[in-house]
Amino acid sequence: MRRRSLLTLVAVLLTTLVSAQVKPIVLGDRHAMLKTEQGSRYLLLPVQETEDIAAIAILDNHNNMAQRINVKLAIDRVDYYVPYELKGASLLDIEFHGDRRQKGAVGEFVCWKEMKYSDEFDTTNRERFRPAYHHTPLYGWMNDPNGMFYKDGVWHLYYQYNPYGSQWENMTWGHSTSRDLIHWETQPLALEMDWLGAIFSGSCVTNGNDVVAFYTSAGHHQTQSMAVSKDGGRTFEKFSGNPILMTSDVADFRDPNVFWNEDAKVWNLILAAGQEMRIYSSRDLKEWKYESSFGKEYGNHSGVWECPDLFPLTSHLSPLTSKKWVLLCNINPGGPFGGSATQYFVGQFDGRKFTCESMPKVTKWLDYGKDHYATVSFYNAPDNRRVVLAWMSNWQYANQVPTKQFRSANSIPRDLGLFQSGEETYVSVVPSKELSALRGKKMKKPTEACEIVVDVKQNTEIVLANSKGEQVVMRYNQQKQTFTMDRTKSGDVSFSEAFPSETVAPTYGTIKQLRIFVDRCSIEAFDAEGKMAMTNLVFPSEPYNMIKVKGGKATIYEILK
């Protein structure tokens, strides 16, 4: 009898859980409301990525609008779940977009059967392509790195983030911290959307004990706003005088990058305005004076200019190269092999005007792969280092890469310098020294996460392959001074016509050694002296566990995760 009673109790509990599914109030063929139950931390929302967005207005207990989010609620299948933290939300007002005649009755959508209340959200990795040693979000979509700074031994990384799906939407600043630039700890959301708009890219500076964030408020127009943190960058209070900077002459007016200019003894701000960069100055970080613009007729103009950065550098390769200023200019589209990429300009800056030392038509690229974009640097990095991270993807296919729980990773951290080749000054790119701590024992075969060091001769070919016949071919040609990477047969290339590709980089002289970082879905190749960098995503059906090298010698190191 006792066993039967226990079974009966379990059955009752299960019946209670099933009957606790949400019950929408259907108001039309596109409109429904949902009154939330109190007592749970999250409402788990089922997502179907091929669907149109559902616009959700969240109301509090007083019927005040608390938030607006866009979620691709599941119509006939569930790809994954995303958590919405209720925090007093009492009503969800949901408007479905798209042609409902092809979807059936709103009340029959699978989302109502699959929504769940929960006090927890499982972030256990379910993706075989999630990198082992690159930064990724626990879940959801990530693109541009934002507001990076170093303070009190901690590296702070903010990033464009969608907490409510693994495709671009709902732009918010996510936040991660690290003490070694390699191992990252996820922090609570830093800046969320408000009535001025979504939170687009920007920067952070330290001003005494405060951390001040500058970002684009992307509403009907793009304006610039600021927020202040009193606790080291963990929480921010938005400035009551927002927006602090506006314009009416261009639609694309965004991505403010702020820094203290020690030479001019002023704060400078540089932002992207269409296909040029605009420079401002300030004494108090609140009132900004327009100083000058740069960009007309310079470099590549095939797409919109975005995510600028401006900083001084000195050479670690050439004693002839003194301190110069570098202006990073991310562009989409217009990259050397299609889609998004990072170009840069070298010159001088006096706090008011940037003067490029190259001829206007000269274009210089920071990385010659297809998957290196939105490159920006950490503010206040120690030892006068200029450390950068990039978004490791391309707008041509970023929303379609074969992952679901999350999308996108950051590149490995890199240190920048200068070198001379002919009459031109270029930016050198080397893996940051912190990556050396990841080197483990030497191995005979490559694995899904390893570093490969290749001592090269005049012409060298490196083939990474697996038993499925998938391969990535890299070639160094000393006579042509080029390095190429061919990923046309690298694995799954079917999700975009723009993905299968061969990328080619100039080497600006002889390469003696290559450093190649392999992770589960990426290959980053560097000239050990910094004269060439190339980053490409790959999605093999099994890890590359074979290597063939012609014209060189490879040493493979285990990566300690």
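General remarks:
- Boolean, N394 is in contact with a Lys or Arg (Cβ under 9 Å, 6 or more places away or on another chain) and of a type in the set (S, T, N, Q): yes
- Filter result for T555 (surrounded by fewer than 16 Cβ atoms within 10 Å (Cβ to Cβ), β-branched (V, I, T) and assigned to a strand (DSSP E or B)): yes
- Restricting region 489-500 to residues that are within 24 Å of the chain's Cα centre (by Cα) and open to solvent by 40 Å² or more (accessible area, probe 1.4 Å), the residue that is nearest to D367 (Cα to Cα): P500
- Candidates are the residues of region 89-137 that are β-branched (V, I, T) and more than 18 Å from A55 (Cα to Cα); the one that is most open to solvent (accessible area, probe 1.4 Å) is T124.
- Total residues in region 1-24, condition open to solvent by less than 70 Å² (accessible area, probe 1.4 Å) and at pLDDT 50 or above: 3
- Test: residue in region 305-320 that is surrounded by fewer than 17 Cβ atoms within 10 Å (Cβ to Cβ), touching an Asp or Glu at 6+ places or on another chain (Cβ under 6 Å) and not charged (D, E, K, R): no
- Qualifying residues in region 415-441 (those that are touching a residue at least 40 places away in the same chain (Cβ under 8 Å) and polar (S, T, N, Q)) - the one farthest from Q343 (Cα to Cα): S432
- Neighbours by Cβ (under 7 Å, 6+ apart or cross-chain): first from region 283-295, part of a strand (DSSP E or B); second open to solvent by 100 Å² or more (accessible area, probe 1.4 Å): E291/R352; E291/K353; S292/R352; S292/K353
- Checking A505, A465, A498, A449 one by one, the residue that is at pLDDT 95 or above and over 23 Å from A554 (Cα atoms) is A498 and no other.
- Consider region 426-461 and keep the residues that are open to solvent by less than 20 Å² (accessible area, probe 1.4 Å) and polar (S, T, N, Q). The one that is nearest to K548 (Cα to Cα) is T460.
- Identity of the residue in region 509-528, part of a loop (DSSP other than H, G, I, E, B) and surrounded by fewer than 19 Cβ atoms within 10 Å (Cβ to Cβ), that ends up nearest to the chain's Cα centre (by Cα): A528
- Verdict on K561 being within 20 Å of K433 (Cβ to Cβ), out of contact with any His (no Cβ under 6 Å at 6 or more places or on another chain), open to solvent by 20 Å² or more (accessible area, probe 1.4 Å) and in a loop (DSSP other than H, G, I, E, B): yes
- Contact annotation: residue pairs with Cβ atoms under 8 Å, 6 or more positions apart or on different chains, pairing a residue in region 169-193 that is free of Cβ contacts under 8 Å to residues at least 24 places away in the same chain with a partner that is open to solvent by less than 10 Å² (accessible area, probe 1.4 Å) and among the small types (G, A, S), are E185/S176; E185/S178.
- Listed by first and then second residue, the pairs linking a residue in region 25-51 that is farther than 23 Å from Y80 by Cα to a residue that is surrounded by fewer than 13 Cβ atoms within 10 Å (Cβ to Cβ), with Cβ atoms under 7 Å apart and 6 or more places separating them unless they lie on different chains, are V26/G107.
- When region 502-561 is filtered for residues that are of a type in the set (K, R) and out of contact with any Ser or Thr (no Cβ under 8 Å at 6 or more places or on another chain), the ones remaining, listed by number, are K512, R515, R520, K548, K553, K561.
- Taking the criterion of being surrounded by 24 or more Cβ atoms within 10 Å (Cβ to Cβ), part of a strand (DSSP E or B) and either under 16 Å from the mean Cα position of the chain (by Cα) or in contact (Cβ under 8 Å) with a residue 60 or more places away in the chain (or both), the residues of region 330-348 that qualify are N330, I331, A341, T342.
- Residue in region 366-375 that is in contact with a strand residue (DSSP E or B) (Cβ under 9 Å, 6 or more places away or on another chain), closer than 25 Å to G509 by Cα and surrounded by fewer than 17 Cβ atoms within 10 Å (Cβ to Cβ) present: no
- When H183, H175 are checked against the criterion of being out of contact with any strand residue (DSSP E or B) (no Cβ under 7 Å at 6 or more places or on another chain) and either under 30 Å from N380 (Cα atoms) or modelled with pLDDT under 95 (or both), H183 stands alone in meeting it.
- Considering region 29-40, the residues that are modelled with pLDDT of 90 or more and under 12 Å from F96 (Cα atoms) include one that is least open to solvent (accessible area, probe 1.4 Å), namely A32.
The values are calculated or read from the model by the stated rules, or taken from the named source; none is laboratory data. Every value quoted in this text rests on a predicted model; they were computed, and no experiment measured them. All Cβ positions, even for glycine, are placed from backbone atoms using ideal geometry, and neighbour counts span all protein chains on display. Ligands, DNA and RNA are excluded from the accessible area calculation, which covers all protein heavy atoms including side chains. Shrake-Rupley method; radii C 1.70, N 1.55, O 1.52, S 1.80 Å.
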